[in-house]
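Encoded as structure tokens, the structure appears first; notes follow it.
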Amino acid sequence: MARPDKVAAVEELKEKFTSSNAVVLTEYRGLTVASLKDLRRSLGEDATYAVAKNTLTLIAAKDAGIEGLDDQLTGPTALTFISGDVATVAKGLRDFAKANPLLVIKGGVMDGRVLDADEVKKLANLESRETLLAKLAGGMQANLQKAVFLLAAPLSQAARALGALETAAQADPSVIGGAGQAAPADAPADAQEPGSDAADTAAAAAPSEDAAGAAETE
């Protein structure tokens, strides 16, 4: 019959395997307590570094639906349960291992798939979530600026066209289909207005259509 403390340990490990974004397995043989504290501190709040027995870890992993960790669970093993950005924590482990060769990355688990040591190290070469989001935001901003330019371009072109048409119409009203022909340049301004004295005089002086017809008959 399993001891209650082992059952509780397996259940806790299973929950961490299930809820973590990724898990990295490392060997810590030879590292001092002070070095392990430094490692935990360097990982920050995005990860939990815990030492666990291989047999209990293997049971918990299988209970969580993860198969294939048998080869990695040999010798002293510590588990890094990553709850935050995977790339950032992988970088932290890689950099710590470079400065402290006694820390050996064995492999890991991500999205239910077992990773070898090289695949975990490749995660460290990925850009962080913040960097990717910043690039995505920059790309979206650039696309929005392009969209605004494309939407504004026809409006500005239309404004320039209307301005040119207005200038042309001031010089020649007939370009916009004005009624009648413009008055001669030397005609008084009031002669162009219907009902003015000058307009009435001009109308009286002009022969009527009936008079013109009678003249042609004679």
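Across the options 54, 82, 43, the greatest Cα extent toward the positive end of the charge dipole of the range 32-82 (unit charges at beta carbon of Lys, Arg, Asp, Glu) belongs to 43. Counting 0.36 nm for each residue step from residue 5 to residue 54 and taking away their Cα separation leaves a gain of 16.1 nm. Multiplying the residue separation of residue 67 and residue 99 by 0.36 nm and subtracting their alpha-carbon distance yields 8.4 nm.
Local charge sum around residue 74 (other residues, Cβ-Cβ under 9 Å, Lys/Arg +1, Asp/Glu -1)? List each step's numbers first, then the result.
Working: positive: 106; negative: 27, 70, 71.
For residues surrounding residue 74, the net value is -2.
Cross-linked pairs 62/122; 16/53; 53/91: Cα-Cα separations exceed 23 Å for 62/122; 53/91. Residue order for 27, 119, fewest other beta carbons within 10 angstrom first, comes to 119, 27. Shape analysis of the range 1-49 places it in the oblate category; the axes a ≥ b ≥ c from the Cα gyration tensor give an a/c of at least 1.5, with a/b not above b/c.
No value in this document is a laboratory result; all are computed from the given coordinates. Given the structure is predicted, the values throughout are model-derived calculations rather than measurements. In this analysis, Cβ positions are derived from the backbone assuming ideal geometry, glycine residues included, and neighbour counts consider all displayed protein chains.
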